[in-house]
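The values are calculated or read from the model by the stated rules, or taken from the named source; none is laboratory data. Note that the coordinates shown come from a computational prediction; the quantities given were computed from them, not determined experimentally. Here the Cβ is made from the backbone with ideal geometry for all residues, glycine too, and neighbour counts use every protein chain on show.
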Amino acid sequence: MRTAVLASGRGSNLQALLDECSNGSLPIEIVGVGSDQPGAAALERSQAVGIPTRVFQVSDYPHRQAQEEDILIWMRENRVELLLLAGYMKVLGPQFIRQANFPVMNIHPSLLPAFPGLHAQRQALEYGVKVSGCTVHLVDEGLDSGPIILQEAVPVLSEDTEESLAQRILEVEHRLYPEAVRLLVLGKVVRTGRRVQILQQEVI
Ligand code: GAR
């Protein structure tokens, strides 16, 4: 499945996806990586394995919608069938989502619907929850509000800082995101309205 990834920063989730692709356990072809940040390490990670990159810096466009239209054109030119957001820190507008005729997936570092938006780990610490985690979901027109594919809980420890909690969640993200993508690509994600059912592997 021809796949594009959008990432704004470090790109460790992108790296997890790239690693799973290269060891043959994730049947997608990442055909391009885009970023709104020209200095994103995610771009270097892609270039290191020969994947073409594109920068879509919002300030290069008259308005956000023009930036998103350009991303859509790039997707069409590359015949993209799946878009993965991997630490892409801009919310895609409703027009983008309506026009995207392919699934868009995102990973978020909380157990949604708790703590959507920025600084999810900080929000979790400030609220005082004892358990947080991460969520892979389909992207809809809301903020981190689309149908949930997979979630996994991670304990919040009393001595946690934002960084230590983020790191513990990130380790799970690196496993959960490729797994959710694999399920989708293998046709095991069945959506009925908001609810997503995961078809189980047949046991022989
Ligand atoms: C990850 O923790 C991801 O879940 C989060 O940003 C980090 C990106 O790290 N995404 C969001 O908060 C989206 N709302 P990475 O660049 O190393 O993959």
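Here are a few things to note about the model shown:
- Only a single criterion out of (1) within 16 Å of the ligand (Cβ to nearest atom); (2) over 30 Å from GLN197 (Cα atoms); (3) in the same structural domain as ARG168 (by TED's automatic domain parsing) is not satisfied by GLY128, namely (1).
- GLU202 modelled with pLDDT under 95 and not aliphatic (A, V, I, L, M): yes
- If you go through region 130-187 and keep only what is aliphatic (A, V, I, L, M) and part of a helix (DSSP H, G or I), you end up with LEU165, ALA166, ILE169, LEU170, VAL172, LEU176, ALA180, VAL181, LEU183, LEU184, VAL185.
- Residues that are surrounded by fewer than 21 Cβ atoms within 10 Å (Cβ to Cβ) and within 9 Å of the ligand (Cβ to nearest atom) within region 131-143 comprise just one, LEU143.
- Here the condition is being of a type outside the set (Gly, Ala, Ser), under 20 Å from GLU29 (Cβ atoms) and out of contact with any strand residue (DSSP E or B) (no Cβ under 7 Å at 6 or more places or on another chain); of PRO178, PRO94, PRO113, it holds for PRO178 alone.
- Pairs are defined by a Cβ separation below 6 Å, a sequence spacing of at least 6 or placement on different chains, a first member in region 97-122 that is closer than 11 Å to ILE148 by Cα, and a second member that is part of a loop (DSSP other than H, G, I, E, B); the pairs so defined are ASN106/VAL139; HIS108/ASP144; LEU112/ASP144.
- ILE28 vs. criteria in contact with a Ser or Thr (Cβ under 6 Å, 6 or more places away or on another chain) and at pLDDT 95 or above: yes
- Elements of type strands (runs of 3 or more DSSP E) contained in region 7-122, each with 1 or more residues being away from the ligand (no atom under 12 Å from the Cβ) and surrounded by fewer than 17 Cβ atoms within 10 Å (Cβ to Cβ): 29-35, 53-55
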